[in-house]
Amino acid sequence: MTPRHLSDLEKPKLAENIDHICVCICTYRRPELLLRLLERLERQVTRGLFTYSAVVVDNDVNRSAEAVVEPFRSRSKVAVKYCVEPEQNISLARNRAVAMAKGKYLAFIDDDEVPEETWLHNLLATCIRTKGDFILGPVEPHYETVPPAWVVKGRLCEREHFATGTRIRRPELTRTGNVLLVREICVEKDGPFDPSRGRSGGEDYEFFKWMLERGRTVYWCNEAPVYESVPPERMTRSYLDRKS
């Protein structure tokens, strides 16, 4: 992965008071992928624009992520908080992460994704420049094995992209995998993620739809990609049919 940098003309002026970003990670029984994410997160380039930390919410009552997080935390320069949400419900896990997070900004990333080293910097730079409430970045596929030719040709694991600074107005284009947001806006909605959707899905769509309807702004940063693992079982016709 080659880091993507904003041009000098696009770089914001540094704030007098350095901002802090808390990276929120919800995980469920994927310790190897979680460790890969934490190790990549440690490499983030700040360039004096911000500081950052992480919150890991383990949605496994058996605490399967603890054996990864605790050794990492003991040796890492990144401050990491760990907690368990015992009820298997992604909305409850996200809400726990929001409640534990500190700082002006939150960044959500999934446990099967990894960022480039300029990920947080470019998201924040775009947020400052656009004065947006939310900044979305691309989610690119990272194939764990050689993908079938029909998957690549049909771009079945790829998602839509936009030019940096594009305003996103459709809630179906939003998600919590790779997004930066102003933390204080989360208190505008109870939860803020609906636990009734925590097992069926759609909790992030509902959250963003609610915010967009109230005039909150979402912008795109194409220089802040993350890479999502695509295992072989996600490259079958039956899986892709179910997903669609």
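Every read-out reported here was derived from the displayed coordinates using simple, explicitly stated rules and does not represent laboratory data. All values derive from a computational prediction rather than experimental measurement. Cβ sites come from the backbone with ideal geometry, for glycine too, and all protein chains shown count toward neighbours.
Once you have a ≥ b ≥ c as the square roots of the Cα gyration tensor eigenvalues for the chain, tell me rounded if a/c is under 1.5, and otherwise prolate or oblate according to whether a/b is larger than b/c. Please report the intermediate quantities before stating the final value.
Values: a/c = 1.23, a/b = 1.10, b/c = 1.12.
It comes out rounded by the Cα gyration axes.
Report the extension gain between K189 and K209 in nm, rounded to one decimal, defined as 0.36 nm multiplied by the number of residues separating them, less their alpha carbon distance.
Extra length available between K189 and K209 comes to 6.0 nm.
With a 10 Å radius around each residue's Cβ, average the other Cβ atoms per peptide and rank 161-167, 102-108, 38-44, highest first. Walk me through the numbers before you get to the answer.
Working: 161-167: 14.1, 102-108: 19.9, 38-44: 17.9.
Final packing ranking: 102-108, 38-44, 161-167.
Gaussian network model of the chain, Cα springs within a sub-10 Å range: biggest mean-square fluctuation belongs to which of L120, L34, L173?
L173
Using 0.36 nm times the number of residues separating V78 and H20, minus their current alpha carbon distance, what extension gain do you get?
Working: separation 58, 0.36 × 58 = 20.88 nm, distance 1.22 nm.
Here the segment from V78 to H20 would lengthen by 19.7 nm.
Say a paramagnetic label sat at a point 7 Å from the Cα of E42, along Cα to Cβ; which residues of region 74-106 have their backbone N under 20 Å from it?
Under 20 Å, as judged by backbone N against the label point of E42, lie 74-83 of region 74-106.
Could you tell me the calculated FRET efficiency between E172 and E233, based on Cβ-Cβ distance and R0 = 41 angstrom, to the nearest 0.05? Working shown, then result.
Working: r = 25 Å, r/R0 = 0.61.
Once the sixth-power term is evaluated, E becomes 0.95.
Would you calculate, for the chain, the mean residue ellipticity at 222 nm contributed by helices, counting each DSSP H stretch of 4 or more residues as -39,500 (n - 2.57) and dividing by all residues, to the nearest 500?
The per-residue figure over the chain is -8000 deg cm²/dmol.
Hand me the tally of lysine pairs in the chain: alpha carbons under 27 angstrom apart, and the pair either on different chains or 8 or more positions apart.
Count of close lysine pairs: 24.
With both partners inside the chain, how many of the DSSP beta bridges are antiparallel, as a percent to the nearest 5?
30
Say each of V182 and T217 gets a label point 7 Å from the Cα, pointing the same way as Cα to Cβ; how far apart are those two points in nm?
1.0
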